[in-house]
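Colleague: Structure incoming, see below.
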Amino acid sequence: MIKIYNSLSNKIEEFKPIIKNNVILYVCGPTVYDYMHIGNSRPVVFFDTVARFFKYSGFNVTFVSNFTDIDDKIINRAKEKNISEEELSQKFIKEINKTYKKLNCLQHDANPTVSENIDNIINFIDLLVKKDNAYVINGDVYFDVAKIKEYGILSGQSIEKLIVGSRIEKNLNKKNPVDFTLWKATTEGINWDSPWGKGRPGWHTECVVMSRNISGGLIDIHGGGSDLKFPHHDNEIAQSIAAYNNKIANYWMHNGRIDFSGEKMSKSLGNVIWANETIDKVGYQAYRFLMLNVPYRQPLSFREDLLEQAVIDFEKINRAFISLFRKLEFEYNDVNIKEVKELVLLEIKKEFIAAMEDDFNTPNAITSVFKLIKITNKLLRNKNISKDLLKEIYCLFSEFLWVLGMEIKINKLTTDEMKLVQSWKQARSNKDFTKADNLRDEITKKGIFI
């Protein structure tokens with residue numbers, strides 16, 4: 001039984017899918033005007049792991065994450081570079097897709113963009129106007145927040161205490177200071193014709209339309225960073241209540257931010273660390289280890305010593321897994337997956353699954369991985385260990401690493417490489433340590449880890 005902390009109810013709830021054995025997961029994606037920084041990457045890593053575990057648990061998963069390719073930041077950056085908004089956004093969509101691959105993320109089922117959904121967005125805004133939940137002033141369309149009694153249900157803020165969101169321009173003509181823009185009248189930058197004149201959509205409307213496009217109605221899970229609770233997700237929910245009398249998703253999940261000494265990381269503060277540079281520096285597995293070794297709802301303090309420790313900890317995983325692989329390859333020429341039946345392994349598997357089912361407790365799941373490493377290292381020293389047991393361990397190890405997205409890809413040795421390693425083993429057995437050291441150097445130069 002999978003349990004999820006639902007940000008909408010602020011409590012742990014049993015996950016009950018809308019359609020049995022199916023999960024629809026929508027995660028707010030990046031605004032594509034720059035490369036991905038490590039703060040952007042935390043929801044990417046976490047929700048990829050969520051999708052992986054649902055798949056591992058036998059669910060059919062529909063996983064969608066959008067690209068916001070219409071935004072003032074995109075327009076301003078395009079002006080700086082003297083290129084079109086489309087050229088800029090397409091460039092960074094490609095770059096971010098490259099980063100997804102670097103992070104070993106599963107391919108999303110769809111990556112909708114705002115620009116390809118303009119007609120649907122205009123129709124949605126028109127629906128809100130007709131339902132008297134939105135109003136038009138000089139070609140701008142605003143959502144009438146006062147019409148929604150449950151406004152602020154996600155963030156827990158009352159209308160009286162709310163301030164205008166950072167992406168919403170102040171306008172004295174609005175009925176209420178917290179009313180937000182659905183359609184912005186403008187001829188500057190990219191714009192479209194609409195019933196209210198030329199303009200472009202407001203940020204908060206886009207995800208309501210794109211998430212609803214997946215199934216035509218309510219979805220199971222809507223996710224994103226905790227910084228999106230207000231105003232973005234509150235505003236999404238308000239619009240969906242007004243239009244469809246639902247809150248978009250049955251479960252809302254939010255990961256904590258990444259910060260430096262208690263300070264939020266952001267481009268405006270100038271304390272950005274780029275994801276690609278860090279992945280290239282430490283490898284995607286250690287990078288994911290760092291992200292997943294802290295409970296997802298807690299803030300993650302980024303420090304060099306924690307990154308270095310993640311590298312050290314993953315190396316323990318790497319060495320144990322490769323040693324196991326090579327043992328099966330050298331001794332048995334057989335590294336095929338085998339069903340897990342050994343009781344001690346079944347117990348560890350049970351612990352791993354229980355951790356993931358408990359609101360995706362990845363730190364505890366990683367603890368199960370290290371329990372398996374301890375058993376692996378012990379058994380590898382046993383000369384009489386059975387092939388079947390080693391294959392069961394390898395199977396379970398592979399399962400755990402797949403769920404966490406930390407897969408270790410190993411090439412089988414060629415015939416010549418196998419002979420070289422066998423010669424090294426024979427030299428060690430004969431206590432010809434000079435020869436063994438020379439052979440080991442040759443093995444290392446070939447990039448073979450044993």
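Colleague: Tell me which of these LYS409 doesn't satisfy, since it passes every other one: (1) in contact with a helix residue (DSSP H, G or I) (Cβ under 7 Å, 6 or more places away or on another chain); (2) modelled with pLDDT of 85 or more.
Modeller: Against the list (1) in contact with a helix residue (DSSP H, G or I) (Cβ under 7 Å, 6 or more places away or on another chain); (2) modelled with pLDDT of 85 or more, LYS409 comes up short only on (1).
Colleague: State all residues of the stretch 302-339 that are within 30 Å of ASP416 (Cβ to Cβ) and not assigned by TED's automatic domain parsing to the domain that holds ASN382; if no residue qualifies, say none.
Modeller: Once the filter is applied, which keeps residues that are within 30 Å of ASP416 (Cβ to Cβ) and not assigned by TED's automatic domain parsing to the domain that holds ASN382, the stretch 302-339 yields nothing.
Colleague: Filter the stretch 214-262 down to the residues that are at pLDDT below 95 and among the polar types (S, T, N, Q), then identify the one that is nearest to SER9 (Cα to Cα).
Modeller: Checked the stretch 214-262; the qualifying residue nearest to SER9 (Cα to Cα) is SER215.
Colleague: Another question, if that's okay. Run down TYR251, TYR287 and say which single residue is surrounded by 13 or more Cβ atoms within 10 Å (Cβ to Cβ), assigned by TED's automatic domain parsing to the domain that holds THR49 and not in a loop (DSSP other than H, G, I, E, B). Explain how you work it out, then say what you get.
Modeller: Working: TYR287 fails: assigned by TED's automatic domain parsing to the domain that holds THR49.
Criteria check complete, one pass: TYR251.
Colleague: Might you check whether a residue that is closer than 21 Å to LYS102 by Cα, modelled with pLDDT of 95 or more and of a type outside the set (Asp, Glu) occurs anywhere in the stretch 341-356? Explain how you work it out, then say what you get.
Modeller: Taking the stretch 341-356 and keeping what is closer than 21 Å to LYS102 by Cα, we get none.
Looking for residues that are closer than 21 Å to LYS102 by Cα, modelled with pLDDT of 95 or more and of a type outside the set (Asp, Glu), one finds none in the stretch 341-356, hence no.
Colleague: Which ones in the stretch 307-341 are hydrophobic (A, V, I, L, M, F, W, C), in a helix (DSSP H, G or I) and surrounded by 14 or more Cβ atoms within 10 Å (Cβ to Cβ)?
Modeller: First pass over the stretch 307-341, keeping only residues hydrophobic (A, V, I, L, M, F, W, C): 307, 310-312, 314, 317, 320-322, 324-325, 328, 330, 335, 337, 340.
Right, trim to in a helix (DSSP H, G or I) and you get 307, 310-312, 314, 317, 320-322, 324-325, 328, 330.
Selection gives LEU307, ALA310, VAL311, PHE314, ILE317, ALA320, PHE321, ILE322, LEU324, PHE325, LEU328, PHE330.
Colleague: Another one. Within the stretch 107-129, which residues are touching a strand residue (DSSP E or B) at 6+ places or on another chain (Cβ under 7 Å) and either part of a helix (DSSP H, G or I) or more than 29 Å from GLY197 (Cα to Cα) (or both)?
Modeller: Scanning the stretch 107-129 gives HIS108, ASP109, ALA110, ILE118, ILE121, ILE125, LEU128, VAL129.
Colleague: In the stretch 359-372, what residues are part of a helix (DSSP H, G or I), crowded, with 19+ Cβ neighbours inside 10 Å and not polar (S, T, N, Q)?
Modeller: Filtering the stretch 359-372 down to residues part of a helix (DSSP H, G or I) leaves 362-372.
From the residues that got through so far, the ones that are crowded, with 19+ Cβ neighbours inside 10 Å too are 362, 365-366, 368-369, 372.
If the condition is that a residue be part of a helix (DSSP H, G or I), crowded, with 19+ Cβ neighbours inside 10 Å and not polar (S, T, N, Q), then ALA365, ILE366, VAL369, LEU372 are the ones that fit.
The values are calculated or read from the model by the stated rules, or taken from the named source; none is laboratory data. Just so you know, these numbers come straight off a predicted model, no measurement behind them. Here Cβ is always computed from backbone atoms with ideal geometry, including for glycine, and neighbour counts include all displayed protein chains.
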